Amino acid sequence: MSIEIQNITKSFGTFTALDGINLSIRNGELVALLGPSGSGKTTLLRIIAGLDWPERGAVRFNGEDALERSVGERNVGFVFQHYALFRHMNVYENVAFGLRVKPRAQRPSESKIDAQVRRLLDLVQIQWLADRYPHQLSGGQRQRVALARALAIEPSVLLLDEPFGALDAKVRKELRRWLRTLHSEINVTSVFVTHDQEEALEVADRVVVLNNGRIEQIGSPEEVYDRPASAFVHDFIGEAISLPVEVRDREVWFNERPLPLETQGAASGPARLFVRPFDMSLVTPGRGRAHRSRQGGEGLRPTSARRGRVRPGARRPYCS
Amino acid sequence: MTVMDASQVRVGYEPRAMKRTAQQDDVAVRWAVIGIAVGFLSIFIVLPLIAVFTQALAHGFSVYAAALVEPDAIAAIRLTLIVALVSIVTNLVFGLIAAWSIAKFDFTGKSLLITFIDLPFSVSPVVAGLVFVLLFGAQGLFGPWLQSHDLQIIFAMPGIILATLFVTFPFVARELIPLMQQQGTQEEEAARSLGASGLATFFRVTLPNVKWALLYGVLLCNARAMGEFGAVSVVSGHIRGETNTMPLHIEILYNEYQFVAAFAVASLLALLALVTLLAKTLLERRIGKVKRGVH
């Protein structure tokens with residue numbers, strides 16, 4: 001299922017949560033909505049799900065208007081940040097819920113429900129927890145139950161709100177690799193929200209970077225990392241060093257020395273230069289300029305040489 | 001290594017002094033405080049309870065039983081049971097609705113509504129009864145209209161039920177609001193996203209999540225409905241065999257110096273209190289478990 005989001009605007013009182021969002025998600029894609037808290041990413045996810053409604057704009061599933069339909073009619077699997085498992089039901093019943101509440105005509109037989117639930121528990125590798133109650137589970141196990149429950153209704157879209165936010169670092173790393181593998185197995189269009197750039201870059205096919213209710217950049221993990229579209233993205237994703245520089249006569253000056261960089265269209269006057277720490281090297285003064293081409297390496301993405309970026313509007317504080 | 005050093009420093013202190021906590025200051029003080037608490041409870045609660053039962057059985061069990069099967073007593077017990085049942089059902093429904101709306105939605109006037117729910121707790125029951133007399137009595141606001149339609153509310157069962165509803169309303173709602181607020185709306189949202197209808201969500205998710213608190217509220221509501229004296233006394237008219245509830249019947253018997261009969265009926269109410277207490281203890285354990293399950 002493809003998702004088309006057009007000009008979505010949503011505010012809470014005087015606070016504008018989303019401001020003219022345009023985004024199209026292809027069938028079978030795994031997309032991350034990445035941004036700091038308050039950037040509107042969860043609101044966007046809830047609007048796609050049908051848990052919130054925008055003031056303006058359109059949401060289309062496969063070209064059909066989704067805003068006309070309630071959350072129950074959209075056939076979305078939603079994994080909540082704190083899982084929202086039904087606390088009075090065991091794992092098995094949690095997963096079976098979506099099948100049991102189907103209208104009588106569409107409800108599968110008890111044996112089919114059983115087969116489906118077993119298959120899902122198998123898929124998320126928690127068959128042995130079927131009789132446990134949510135409070136008897138660890139965070140990672142709850143996460144898997146929530147995912148199995150959402151998948152039970154065979155959703156055409158899977159939406160995950162901070163899926164790994166409440167887990168400790170080790171479990172988080174395991175689970176996100178597992179989610180990546182799972183997605184390639186079931187191949188359902190998926191959108192997840194995260195504030196963790198590492199998570200977004202590692203798991204997603206495409207990353208949507210949000211800030212203050214606007215989209216800063218949409219691109220593959222390589223694109224947003226290597227070719228950030230704005231100062232915010234450069235600062236927010238990956239490590240960045242920000243240097244106060246000055247643009248004079250189409251040259252970038254730092255500390256009263258000209259740097260061999262293009263001004264990239266920045267106007268004359270004070271500016272900020274963002275650079276990845278590993279793209280810079282310190283050399284003895286007068287020993288010439290180091291031009292070194294980086295190769296792809298452990299934990300690093302392939303980069304080209306000298307990718308310092310110049311942005312106008314020096315000293316403008318960037319949210320992060 | 002640093003950890004080892006730290007523990008050795010600790011050992012250097014007197015271990016006994018380390019173990020003493022603020023509560024364990026003085027054995028004498030501890031026993032004095034416990035003694036006062038137990039003594040107070042014995043004198044003001046346990047002793048009267050024993051007195052009720054000894055008085056009731058002072059002339060043997062046959063006299064005790066006779067006081068309970070006497071027609072006026074049976075009528076009073078019957079009326080009390082009907083009033084309690086109606087109060088429970090009504091408060092169950094409206095308490096649930098009120099708690100639901102307060103805990104799960106945001107709307108203007110919400111805090112006002114919460115204040116109103118507490119009103120019966122702060123108003124004297126006599127005032128509550130008088131309100132209904134002023135509204136539905138012969139000289140009341142709706143009095144002439146009711147008379148012309150031959151409807152009687154005051155000095156009849158409807159008035160007694162209204163007064164009881166008024167004083168018992170907070171119990172269910174008060175019990176549910178904090179729990180529902182703590183549980184939030186995520187599970188309901190999850191249920192809706194899985195395709196459950198509003199009704200299915202309510203009966204499969206919301207209600208099971210609050211069932212123990214609901215039962216607890218009902219229990220308190222029932223105890224108050226059966227025991228209510230002031231508000232009911234104002235609107236009842238004390239017609240024997242017709243509008244006397246158990247508490248009113250007890251008062252009449254007592255005023256007529258029929259002590260054994262009075263205490264016999266009173267012992268029934270006291271028994272109810274004990275059963276309520278037991279059920280409450282059991283329920284609190286359940287609720288405690290459910291709450292721990294949350295985290």
Please count how many residues of segment A:5-21 are closer than 26 Å to residue A:63 by Cβ, surrounded by fewer than 17 Cβ atoms within 10 Å (Cβ to Cβ) and not hydroxyl-bearing (Ser, Thr, Tyr). 4
Enumerate the pairs (first residue in segment A:12-27 and modelled with pLDDT under 95; second residue anywhere and of a type in the set (Gly, Ala, Ser) and outside any strand (DSSP E or B)) with beta-carbon separation below 6 Å, excluding pairs fewer than 6 apart on the same chain, so at least 6 apart or on different chains. A:16/A:213; A:17/A:40; A:17/A:213; A:18/A:40; A:18/A:213; A:19/A:213; A:26/A:2; A:27/A:2
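Test residue B:205 against the stated conditions and say whether it is within 14 Å of chain A (Cβ to nearest Cβ), in contact with a Leu (Cβ under 6 Å, 6 or more places away or on another chain) and among the aliphatic types (A, V, I, L, M).
On the way: within 14 Å of chain A (Cβ to nearest Cβ): yes; in contact with a Leu (Cβ under 6 Å, 6 or more places away or on another chain): no; among the aliphatic types (A, V, I, L, M): yes.
So residue B:205 fails the test.
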Here is a list of conditions, (1) closer than 30 Å to residue A:52 by Cβ; (2) aromatic (Phe, Trp, Tyr); (3) under 22 Å from the mean Cα position of the chain (by Cα), and residue B:202 meets all of them except one; can you say which number that is? (3)
Among the strands (runs of 3 or more DSSP E) contained in segment A:192-272, which hold 1 or more residues that are surrounded by 21 or more Cβ atoms within 10 Å (Cβ to Cβ)? A:206-211, A:214-219, A:241-248, A:251-254
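Going by what's in this entry, would residue B:195 be described as within 21 Å of residue B:170 (Cα to Cα) and either facing chain A (nearest Cβ under 10 Å) or not in a loop (DSSP other than H, G, I, E, B) (or both)? Step through it out loud before you land on a result.
Working: within 21 Å of residue B:170 (Cα to Cα): no; either facing chain A (nearest Cβ under 10 Å) or not in a loop (DSSP other than H, G, I, E, B) (or both): yes.
So residue B:195 does not fit the description; no.
Answer yes if at least one residue in segment B:181-190 is of a type outside the set (Val, Ile, Thr), part of a helix (DSSP H, G or I) and in contact with an Asp or Glu (Cβ under 8 Å, 6 or more places away or on another chain), and no otherwise.
If we filter segment B:181-190 for residues that are of a type outside the set (Val, Ile, Thr), which is where we start, we get B:181-184, B:186-190.
Next, from what is left, pick out any that are part of a helix (DSSP H, G or I): B:181-183, B:186-190.
Now restrict to residues that are in contact with an Asp or Glu (Cβ under 8 Å, 6 or more places away or on another chain): none.
Within segment B:181-190, not a single residue is of a type outside the set (Val, Ile, Thr), part of a helix (DSSP H, G or I) and in contact with an Asp or Glu (Cβ under 8 Å, 6 or more places away or on another chain).
Kindly establish whether residue B:256 is buried (at least 21 other Cβ atoms within 10 Å of the Cβ) and acidic (Asp, Glu). If you could, list the steps in order and put the result at the bottom.
Details: buried (at least 21 other Cβ atoms within 10 Å of the Cβ): no; acidic (Asp, Glu): yes.
Criteria not met by residue B:256.
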Failed item, numbered, when residue B:58 is tested on (1) modelled with pLDDT of 85 or more; (2) under 20 Å from residue B:264 (Cβ atoms); (3) within 32 Å of the chain's Cα centre (by Cα): (1)
Filter segment A:128-142 for residues that are in a helix (DSSP H, G or I) and modelled with pLDDT of 90 or more; the one that is nearest to the other protein chains (Cβ to nearest Cβ) is A:135
Within segment A:57-80, can you find the residues that are within 20 Å of residue A:18 (Cα to Cα) and more than 8 Å from chain B (Cβ to nearest Cβ)? A:57, A:58, A:59, A:60, A:61, A:65, A:66, A:67, A:68
Is there a residue being within 20 Å of residue A:165 (Cα to Cα), within 14 Å of chain B (Cβ to nearest Cβ) and in contact (Cβ under 8 Å) with a residue 60 or more places away in the chain anywhere in segment A:84-98? yes
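Just one of A:180, A:132, A:144, A:119 is within 18 Å of the chain's Cα centre (by Cα), charged (D, E, K, R) and farther than 18 Å from residue B:195 by Cα; which is it? Show your work before the answer.
Details: A:132 fails: within 18 Å of the chain's Cα centre (by Cα); A:144 fails: within 18 Å of the chain's Cα centre (by Cα); A:119 fails: within 18 Å of the chain's Cα centre (by Cα).
When all the criteria are applied, what remains is A:180.
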State whether one or more residues within segment A:19-40 are within 14 Å of chain B (Cβ to nearest Cβ), among the small types (Gly, Ala, Ser) and under 21 Å from the mean Cα position of the chain (by Cα). no
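Here is a yes/no grid of residues against (1) in contact with a helix residue (DSSP H, G or I) (Cβ under 6 Å, 6 or more places away or on another chain); (2) not in a helix (DSSP H, G or I):
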{"site": "A:19", "(1), (2)": "no, yes"}
{"site": "A:38", "(1), (2)": "no, yes"}
{"site": "A:43", "(1), (2)": "no, no"}
{"site": "A:58", "(1), (2)": "no, yes"}
{"site": "A:77", "(1), (2)": "yes, yes"}
{"site": "A:81", "(1), (2)": "no, yes"}
Within segment A:92-111, residues among the small types (Gly, Ala, Ser) and either assigned to a helix (DSSP H, G or I) or under 31 Å from the mean Cα position of the chain (by Cα) (or both) come out as A:96, A:98, A:111
Of the listed residues (A:106, A:125, A:116), the one being surrounded by fewer than 16 Cβ atoms within 10 Å (Cβ to Cβ), under 25 Å from residue A:183 (Cα atoms) and either more than 9 Å from chain B (Cβ to nearest Cβ) or without any contact (Cβ under 8 Å) to a residue 12 or more places away in the chain (or both) is A:125
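Going by the conditions given, is residue B:186 free of Cβ contacts under 8 Å to residues at least 12 places away in the same chain, surrounded by fewer than 24 Cβ atoms within 10 Å (Cβ to Cβ) and within 14 Å of chain A (Cβ to nearest Cβ)? Steps first, please.
Numbers: free of Cβ contacts under 8 Å to residues at least 12 places away in the same chain: yes; surrounded by fewer than 24 Cβ atoms within 10 Å (Cβ to Cβ): yes; within 14 Å of chain A (Cβ to nearest Cβ): yes.
In short, yes.
Only helices (runs of 4 or more DSSP H) wholly contained in segment B:90-166 count here; list those with 2 or more residues that are surrounded by 16 or more Cβ atoms within 10 Å (Cβ to Cβ) and small (Gly, Ala, Ser).
Details: elements: B:110-122, B:125-136, B:143-148.
Correct list: B:125-136.
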Please verify whether residue A:48 is part of a helix (DSSP H, G or I), closer than 17 Å to residue B:189 by Cβ and within 14 Å of another protein chain (Cβ to nearest Cβ), treating the condition exactly as stated. yes
Pairs with Cβ under 9 Å, 6+ apart, first in segment B:55-70 and of a type in the set (Ser, Thr, Tyr), second outside any helix (DSSP H, G or I): B:64/B:57; B:64/B:58
Working only within segment A:148-173, note down all residues that are in a helix (DSSP H, G or I), away from chain B (no Cβ under 11 Å) and farther than 15 Å from residue A:90 by Cα. A:169, A:170, A:171, A:172, A:173
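The values are calculated or read from the model by the stated rules, or taken from the named source; none is laboratory data. This is a predicted model, so every value here is computed, not measured. No Cβ is skipped: glycine too gets one built from the backbone with ideal geometry, and neighbour counts run over all protein chains shown.
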